[in-house]
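One structure is given here, and the rest of the page talks about it.
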């Protein structure tokens, strides 16, 4: 009986550990469910905006086992569909469908947008010498996976699982 309980407890612990809400698969890409807060660390909640990084800072911000997405991966996320909504009092966009969704808080250091009404997320790719590709969106219908901004701007980082 003790052996059966030990096996059952072990199976429960393994299954509980296997059920993680750290990532979601959208369009064949495994996305982190939370933004980077500081280099090497995710924030505690999906609605937490996390840190803002220059393009160069963003390239090393993801925790071990994760990386900054490519422009192609940002396009996959953009075409997965999205809706503007509130998540625990934070405005942003939920991307994906059904149970495979992630919430990206609206956050950036772009002075010409009203606070909390637009989001910018870096990719891993430069465009020319002084800018980098990013995903941008706003409270309207705008979702642009091909945007690029000056690499000194400070934007959010949402990581994808490294291969």
> Residue check: is residue 119 more than 21 Å from residue 23 (Cα to Cα), surrounded by 21 or more Cβ atoms within 10 Å (Cβ to Cβ) and at pLDDT 85 or above?
Replying inline: no
> Quick one: would you say residue 124 is over 22 Å from residue 21 (Cβ atoms) and touching a helix residue (DSSP H, G or I) at 6+ places or on another chain (Cβ under 7 Å)?
Replying inline: no
>> Restricting to the stretch 49-84, give me the number of residues that are over 11 Å from the mean Cα position of the chain (by Cα) and within 17 Å of residue 108 (Cα to Cα).
In response: 11
> Are there any pairs with C-beta distances below 7 angstrom linking a residue in the stretch 116-140 that is without any contact (Cβ under 8 Å) to a residue 60 or more places away in the chain and at positive phi to a residue that is part of a strand (DSSP E or B) and surrounded by 16 or more Cβ atoms within 10 Å (Cβ to Cβ), with the two at least 6 apart or on different chains, and if so which?
Replying inline: 116/91
> Only one residue in 83, 160, 143 is closer than 23 Å to residue 43 by Cα and touching a helix residue (DSSP H, G or I) at 6+ places or on another chain (Cβ under 7 Å), so which one is that?
Replying inline: 160
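The values are calculated or read from the model by the stated rules, or taken from the named source; none is laboratory data. Just so you know, these numbers come straight off a predicted model, no measurement behind them. Because the Cβ atoms are built from the backbone with ideal geometry, glycine has one as well, and the counts that use them run over all protein chains shown.
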